[in-house]
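S.K.: To start, I am sharing the structure in question, which I have written as C-alpha cells.
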Amino acid sequence: MSDETLLSARGLNLHFGTIPALVNVDADLWPGEVLAVVGESGSGKTTLLNVLSGRMAAQSGVVWYRDTAGRIADVHAMPQPSLRALHRSDWGFVQQNPRDNLRMGVTAGGNVGERLMAQGSRHYGDIRAEAIRWLEQVEIDADRVDDLPRTFSGGMLQRLQIARTLVTHPRLVFMDEPTGGLDVSVQARLLDLIRGLVARFGIAAVLVTHDLAVARLLAHRVMVMQRGVVVETGLTDQVLDDPQHPYTQLLVSSVLQA
Amino acid sequence: MTGYNFAYLDEQTKRMIRRALLKAVAIPGHQVPFGSREMPLPYGWGTGGIQVTAAVLGPNDTLKVIDQGADDTTNAVSIRRFFARTAGVATTTRTAEATIIQTRHRIPEQKLHENQIIVYQVPQPEPLSRLESSRIETTRMHGLAEYGLMHVKLYEDITRFGHVSLSYDYPVMVNDRYLMAPSPIPAFDNPKMDMMPALQLFGAGREKRIYAIPPYTKVVSLDFDDHPFRTTRAPHACGLCGATDSYLDEVVTDDRGGRLFVCSDTDHCETHRDVGHVGSEGVAA
Ligand SMILES: Nc1ncnc2c1ncn2[C@@H]1O[C@H](COP(=O)(O)OP(=O)(O)O)[C@@H](O)[C@H]1O
Ligand SMILES: [Mg+2]
C-alpha cells in the first residue's frame, strides 16, 4: 500500500440541530482500496459520503483529494466548476435508488453515453459502441441498448447505473447502499459484479452499507460509525472477526443472530 | 404621431433595453434578462422583437418586417405599420434596402451586410427548456458550459429516427461558448448565422430575455462527427421563379389537391423574377 492517500478527511463535524451526524471524523482512502462505512441507520454514513464527495459542506474539518497529476485539492474549497468536472470524470456516485441517477426517459445507451458526451465525445458510433461494451460489463444484453430503463428490473437498473458511472473510468466511486432495496438473490449477483469491476479496473471506493455481509465481501477496510462518531476502524477481517469496540461487537453479534 | 414617443416606447425603457443589448453583444449567445414591457400587441406577435427594434430604431432607418419569409402576412404588415406610424420611419420589402429587419421564423435568402441589423422574434429563448424545466438548473448549465444533456437529446434522436429530428429551432453553439436557441427558423437557415456580417439581436417578450450575436461570430449547429449537421429543403424548384437554392413553402393552389412549391422569402422570389427568371408555374415579370 502506497503511503499517499487518494482521499483524506480530518476533523469533520456536522450537526443537524442537536443531532450529531459527524463528530470529529477522520478518514483515509488509498488508491484502489474499498473502504466500507458501516453502522445502524441514522449513524451518519450517508452524511459522511456526501461530505467526502463535496456534495455537502461540513461545519468544520477538511477533505483532501489527490488528483491524477499528484496535486492535492481541498474538496470544499474547490471552485464549483472544478468539483463538478471531477464528479463527471475522475469520480462517480452510485445511489441506492438508481432512479435518482438514471434518466428514465432516455435509452440505456444514452444513459451510459451521457458522461462521455459531457466530456466531449462527439462520435455517435463510438459512444454507442462504448455504451454496449459497458452494458456487457454489467451483464446486460447488448440488444437492450435502445430500450428505456423503465422496462428494466430493479437489479438491471442498478447495473445500468453502475455502467453509466464507470464508463469514464473513474478512479474513485462513492456508493450509498448499492444493494439496498434488492432481493437477496439479486444482491448476491450484484455484489459479485461490483467486486469484479472494482478489482479489474483498480477503482477505489467508499461504500456505505448497514449490511456487514456486504462490507465483508467487498471492503478491504471498514469504519464503524455510531451517532456520528467513528468508533472503530481497521482491516475488514480484523474488525469483523475480532471487534474491539462494544458497539461493533453488538453489530457483529446481531448479524450472527440474524 | 401625437401622444407617442418616437417608436412608441419611452426613452427610459429604450435605454434599459439598450443596456441589456450591450450586455448581450458583449457575451454572444448569453441570455440577458430585461424588464419586458406590455406592448399594444398580443404575446406571440413578437413583442420581444418589437421592443428590441424600438430600442435600436433611428429616424433614418429603413425597416423591413417578415413573417415566415413573407412581407405581406398580417403579423408582418401590422408590425411594419406600427413603426411607420409611431416612428415615421421608411419601410421596405427589399432585403437589400433595409437597415433593420425584424423577422419571425426566417432569415432572408440574400446575404446580409455590415450595415444591417436583424431582429428575431423569440417565443422560447432557452434551448434546454424541453430537457430541463428548472431555470436555476439551466442557468447553472450555461454558467458552467455543461451541455452534455443537449447531446444526449441528439443521441436519442439518432437512435430512434436515424437522424436528428429537429427541423427548426435547431440548437447552436455561439462563439464556442454558449448554447443558443436560434428561434423557430428552419435548420436550413442555421448556416446563415455563422460569421454573418450583420448584427443579430433576439428578443423574447414573454420570457423577458434578450440575446445577441455580434457580426462575424462563429455559430455552429450541434452534431456528431459521424452524423454531421445537414440542411434540407424540399427537392423542387420554386414554381414562380425557378430558384433551386431557396427555402420553399408548399402552398395549396386549388381544392383538387393542386400544390405548388414557392420561395418562402417573397422578396427573394420577386428579385429573382425581376431579373428574368421564371418557374414552371410563373409568368415573367
Ligand atoms: N438534511 C438533514 N437535516 C436534518 N437531519 C438530517 C439531515 N440529513 C441527515 N440527518 C440526520 O442525521 C443523522 C445521520 O443521517 P444519515 O447520514 O443519513 O445516516 P445513515 O446514512 O447512517 O442512515 C440522522 O439522525 C438523520 O436523521
Ligand atoms: Mg444512509
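The values are calculated or read from the model by the stated rules, or taken from the named source; none is laboratory data. For clarity, every value in this text was computed on a predicted model and none was experimentally measured. Glycine also receives a Cβ, built like all others from the backbone with ideal geometry; neighbour counts cover every protein chain displayed. Surface areas here come from the heavy atoms of the whole protein model, side chains and all, with no ligands, DNA or RNA. Shrake-Rupley method; radii C 1.70, N 1.55, O 1.52, S 1.80 Å.
Conditions tested, residue by residue: (1) without any contact (Cβ under 8 Å) to a residue 60 or more places away in the chain; (2) among the β-branched types (Val, Ile, Thr); (3) within 16 Å of ligand 1 (Cβ to nearest atom).
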position	(1), (2), (3)
A:Asp74	yes, no, no
A:Ser82	yes, no, no
A:Asp90	no, no, no
A:Met104	yes, no, no
A:Met117	yes, no, no
A:Ser121	yes, no, no
A:Val138	yes, yes, no
A:Thr151	yes, yes, no
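S.K.: Checking A:Lys45 against (1) among the basic types (Lys, Arg); (2) out of contact with any strand residue (DSSP E or B) (no Cβ under 7 Å at 6 or more places or on another chain); (3) open to solvent by less than 50 Å² (accessible area, probe 1.4 Å); (4) within 16 Å of ligand 2 (Cβ to nearest atom): exactly one of these is not met. Which one?
M.R.: All conditions are met except number (2).
S.K.: Inside region A:19-42, can you point out the residues that are at positive phi, open to solvent by 20 Å² or more (accessible area, probe 1.4 Å) and within 10 Å of ligand 2 (Cβ to nearest atom)? Walk me through it before giving the result.
M.R.: Going residue by residue through region A:19-42, those that are at positive phi are A:24, A:32, A:39, A:42.
Adding the requirement that they be open to solvent by 20 Å² or more (accessible area, probe 1.4 Å) leaves A:24, A:32, A:42.
The one that is at positive phi, open to solvent by 20 Å² or more (accessible area, probe 1.4 Å) and within 10 Å of ligand 2 (Cβ to nearest atom): A:Gly42.
S.K.: For region A:3-33, give me each residue that is farther than 30 Å from A:Phe201 by Cα and polar (S, T, N, Q).
M.R.: Those that are farther than 30 Å from A:Phe201 by Cα and polar (S, T, N, Q): A:Asn13, A:Thr18, A:Asn24.
S.K.: Can you work out which of the residues in region A:36-60 that are near ligand 1 (Cβ under 9 Å from one of its atoms) and in a helix (DSSP H, G or I) is nearest to the other protein chains (Cβ to nearest Cβ)?
M.R.: Applying the filter and picking the extreme gives A:Asn50.
S.K.: Exactly one of these conditions fails for A:Thr107: (1) at pLDDT below 95; (2) polar (S, T, N, Q); (3) more than 16 Å from ligand 2 (Cβ to nearest atom). Give me its number.
M.R.: For A:Thr107, the exception is condition (1).
S.K.: Give A:Gly155, A:Gly180, A:Gly196, A:Gly234 a once-over and let me know the one that is open to solvent by less than 60 Å² (accessible area, probe 1.4 Å), small (Gly, Ala, Ser) and assigned to a loop (DSSP other than H, G, I, E, B).
M.R.: One residue alone meets the criteria, A:Gly180.
S.K.: Take residues that are within 14 Å of chain A (Cβ to nearest Cβ) and tell me which of the strands (runs of 3 or more DSSP E) falling wholly in region B:159-253 contain 2 or more.
M.R.: B:219-221
S.K.: Could I ask something else about it? Given the structure, is B:Tyr147 within 11 Å of chain A (Cβ to nearest Cβ), under 22 Å from A:His123 (Cβ atoms) and at pLDDT below 95?
M.R.: Yes, satisfied.
S.K.: Would it be correct to say that B:Lys23 is open to solvent by 40 Å² or more (accessible area, probe 1.4 Å) and over 23 Å from B:Pro184 (Cα atoms)?
M.R.: yes
S.K.: Would you be able to tell me the number of residues in region B:238-285 that are of a type in the set (A, V, I, L, M) and open to solvent by 40 Å² or more (accessible area, probe 1.4 Å)?
M.R.: Adding up the residues that qualify gives 8.
S.K.: One residue is enough: does region A:124-132 have a residue meeting the conditions among the aromatic types (Phe, Trp, Tyr), in a helix (DSSP H, G or I) and within 14 Å of another protein chain (Cβ to nearest Cβ)?
M.R.: Within region A:124-132 (the criterion being among the aromatic types (Phe, Trp, Tyr), in a helix (DSSP H, G or I) and within 14 Å of another protein chain (Cβ to nearest Cβ)), the answer is yes, since at least one residue qualifies.
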